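All remarks here apply to the structure that follows.
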Amino acid sequence: GQASTKTVFVDIVQGLLAKDIDSSDHNFWDELWKTVLPVDDIFEVISADDVRTLVHKRPENMKTLFTQAVAQLYQVVETPFPIYFDQALNCARILARVLPFLLESDSKVVKDLLWGRRFVKSASGANEDANNTSNDNKDTEHPPPEQESEPLAVILVNTMFHLLFLPDFTIEDPNLEFSENDVNSPEFKKAIMWAPGVGSIEKTVVGSTQFDQNRVDILRLMIASFCDSLYQNADTYDSCKSMWLEVATSVDAPYAEIVFNSLMNTVLGYDPVGWGLPYGNLVSKDTAKLVMESAVQALVILLDYGHPIRREGATADDVAAAARAGLPSVGAHETDALGFNVFRRLLGSIEAPDQLNFIYKGFVRLLNNAHQAESTYLPYSITRIGIEQELLVLLWKCLEETPRFMPYVLKHCDVTEILVPICYFMLEGRKDPAKVGLMYLCTFTLLKFSGERNFGVSLNKPYQLHLPVDVPLFNGNHADLLVIVLHKLIVSGSDKLAALYNCFLTIICNVSPYCKSLGSVAAVKLVNLFQLFVSPRFFYASESNYVYVAMILETFNNIVQYQYEGNGNLVYTLIRRKDLFDGLAGLTLSAAQEVVDSIYAETHQNSSQRTTHAEQQQQSDVNLEQKKKKQSGKIEEEEEEEVDEDEEDEDEESETSADDDEDADEGGKSAGRRPLELFAQSSPTELVSTAPVQRTGDLEQVAQDYGATTQPTASNNAANSSTNNNRNSEGRFVPSEQWLQAVKAELPLHTIMRLLKHLVPQVEELSRSSPNGVDEQQVVTFLHSTTMVGLLPVPHPIVIRKYQPNRFTCLWFTAFQWGVIFMHNQTVPLFDGEFVKLFMVQTVT
């Protein structure tokens, strides 16, 4: 039975740990490979410490184990008899267990084992040796000839690719006769490809639970083999260092195109609904889901190696500039160049409309699964797939490296189908520290889209869904949704999102010239953001915080000058907050200094009060301890009552804090408080770089927030260049005349002030002319009937800030995707975090 088999396997493992086993002991090694266990049992029996013991204390046993396992997998490919398939799976599972620990080691023995030159007896030499054995006059001075063989790591990579398409093992036998010359033919690729989609839309799929389980085992082995990136330091990370991925992504990799197409189609062709039966996931195990999850991880790993493929038409100056920025590229036909990746080339070569549509519809179906699973009338009747982070990474790679994908999506598809799930992910994870990386990824994706005109235009489509998250009800379009979501992230999101505030405002500003009609809720939220950023505690917290105000003012100008007719709600809200703009326009140095002094005086007073309270509390604790010694029994009861009261006080404070967050979300005065402490404690260099974003949307400073370093940009304005002059002896910011002049030059107030000067008297006259007063709708209707033609300045050119990649964001994507893969492979603990260097792993007990 299973229990006795597991016992035998335990004894074999203990034997490997106890003493060196000769490679010629066939009985021992044969018993190991023939003792087939499920993957869970293998990972349970062979602990992390056991593998490290084999690597460092029993290297000969590890060498024999690894060599024989690779040899047996290779032999199954050469002679694919089903009788050996279970044994091959056992080899794959054992290799998946030991490989991450081999890759974490810097031992020369391990490197020689994986990549050392090997010599095997040639076939001719073996025949000559056999003949000479029967010859009494054999010449013993000349050993049989040997030939150099490929390293074991290369053999394993090639064998894994072959195993993915082994008939009756991972695919159905096509029962077709193919010669070696037919390997690159469309018929051959179609015959062995896992699923239809990229490469062939017409492929017929035959589902098999056994095939799915075998595919998962091989894909798990691939992920374990390619994980050496985990053991590189982030500050010296090199995307071309992995020798495993260099072999796997070379132009000579077997079945490379079929591997790419199969993985893409398996992921994007998966349907979470299945047959459409509620609770179908509880009736039978969805093995196709397991394949899809492993496939997307293997695919993003393969696509991450090396450099981007240079697009056609790139000039020599463009290539040189990219190289100087730390973003080298390779040509599509430079197959011998360092960093060439055949999978990146295949991704960039997708051009057929039906295949691009297949990719987009796959992303839409899978990403929307998250909120659809939470919105069903029957709870948990739809399975949530839970791999949205890997899917968003794959979406990002498609946007970055498939030149035809984004233009096709923006021209022929409904891009709001992607916007809605992204907004849902951001709302759902805004307060979860574990989802900060997901928030960054969603922000990068929105920033990428917002740099395109068609994206802004598409946001005018009416929004009719209701997401299962805490968001105010509204009637409007997808532009309203975007504004409301980003407002929510700023006023009631995690403090760790502060570095993204500039990106949030950049997204809104990019789409603002195309917003035909913002609803009343979104208009109020947008002006509330302006009120937040001009509040004294925020505005004077740092000499660079005014750039947020400038970004929102530019948003107002875009809407007023290009979409005035349909945005009466926003114009009416601007009129109601006229005092905000008057105060900003009339700002003087003396008034600014007076406000700053009062803010810091109040802060110092509050700090002193907190210190005094802490001292009093400490003295109270001391007195309490003294009383405990005198009246231990009585005091114990009183102490329990005090603890209960303290817990009730903490609960009341939590409720008050939650209420404050809700007030902040409604745009009240508390919206000006919560983020201010955060910004007062943060220097501008810890936030998103403001100067580049004003023109290009560069995210370089976001990468700095994850540990990278970068040189300051040369485009910083006078306010930023005078940082030291604007700090007093205590290190706090003090406004100066130079700073004030720079701020007034940067804030585009002229258009809004002209608008208010013309419309405020008219609205006041409208109110006076009606004996019963006017309501909001009447004012909005009146504003719709007015025109500002000839009254406002000449419309300014639309400035779009596009995402500009750099080596820090590329490193961030690599670290993020490996962090996700690391966490999602802990059910069967594929990786151990003790020696991971790419990111920090903390174990919570």
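The values are calculated or read from the model by the stated rules, or taken from the named source; none is laboratory data. Quick caveat: nothing in here was measured; it's all calculated off a predicted structure. Ideal geometry is used to build each Cβ from the backbone, glycine not excepted, and the neighbour counts take in all protein chains shown. Heads up: the accessible areas ignore ligands, DNA and RNA and are worked out on the full protein's heavy atoms, side chains in. Shrake-Rupley method; radii C 1.70, N 1.55, O 1.52, S 1.80 Å.
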Counting only heavy atoms of the protein chains, get the accessible area per residue of the stretch 412-554 (1.4 Å probe) and round it to a whole Å² value. 25
If r is the Cβ-Cβ distance from residue 78 to residue 823 and R0 is 45 Å, what FRET efficiency results, to the nearest 0.05? 0.75
Residue list for the stretch 737-767, given a label point 7 angstrom along the Cα-to-Cβ vector of residue 782 and an amide N cut-off under 16 Å: 756-767
Order these peptides, 78-91, 757-770, by their mean beta-carbon neighbour count within 10 angstrom, highest first. 78-91, 757-770
Can you tell me how the stretch 383-510 classifies by the Cα gyration tensor, rounded, prolate or oblate, using a/c under 1.5 as the rounded cut? rounded
SASA check, residue 813, accessible area w/ 1.4 Å probe, all protein chains in place, rounded to nearest 10 Å², comes out at 20
Among 525/802; 111/190; 241/496; 203/461; 802/837, which pairs are too far apart, with a Cα-Cα distance over 28 Å? 111/190; 241/496; 203/461; 802/837
Once R0 is set to 45 Å, what does the formula 1/(1 + (r/R0)^6) return for the Cβ-Cβ distance between residue 602 and residue 410, expressed as a FRET efficiency to the nearest 0.05? 0.35
Low-density loop cleavage sites - trypsin sites (Lys or Arg not before Pro) in the stretch 54-109, where at most 16 other Cβ are within 10 Å (DSSP): 57
Please state the charge dipole magnitude for the stretch 420-550, taken about the Cα centre, from unit charges on C-beta atoms (+1 on K and R, -1 on D and E), reported in debye and rounded to the nearest 20. 100
Cα-based shape type of the stretch 1-122, given that a ≥ b ≥ c are square roots of the gyration tensor eigenvalues and the cut on a/c is 1.5: oblate
Work out how much length residue 285 to residue 48 would gain on full extension: take 0.36 nm times their residue separation and subtract the Cα-Cα distance, in nm to one decimal. 82.4 nm
Whole-percent carbon and sulfur share, accessible surface of the stretch 397-450, 1.4 Å: 48
Put 732, 311, 754 in order of accessible area, largest first, 1.4 Å probe: what do you get? 311, 754, 732
Full extension between residue 454 and residue 172 adds, at 0.36 nm per residue less the Cα distance, a length in nm of 97.1 nm
Which residue, chosen from 24, 39, 9, occupies the Cα position most advanced towards the positive end of the dipole of the stretch 1-40, where the dipole is computed from +1 (Lys, Arg) and -1 (Asp, Glu) charges on Cβ about the Cα centre? 39
Which of the trypsin sites (Lys or Arg not before Pro) found in the stretch 325-397 are in a DSSP loop and have at most 10 neighbouring Cβ atoms, other than their own, within 10 Å? none
In nm, give the distance between the simple-model label positions of residue 361 and residue 835, each being 7 Å from the Cα along the Cα-to-Cβ direction. 4.7
How far apart, in nanometres, would the label points at residue 745 and residue 337 be if each is projected 7 angstrom from Cα along the Cα-to-Cβ direction? 4.2
Got a sec? What order do 238, 106 fall in by accessible area at 1.4 Å, biggest, i.e. largest, first? 106, 238
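With a ≥ b ≥ c taken as the square roots of the eigenvalues of the C-alpha gyration tensor of the stretch 215-266, please select rounded if a/c is under 1.5 and otherwise prolate if a/b is larger than b/c or oblate if it is not?
prolate
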Diffusion coefficient, µm² s⁻¹, Stokes-Einstein with Kirkwood Rh over alpha-carbon pairs of the stretch 492-552 at 25 °C and 0.890 mPa s: 194
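Working with all protein chains in place, sort 466, 371, 796 by solvent-accessible area computed with a 1.4 Å probe, largest first.
Largest accessible area first, the list is 466, 796, 371.
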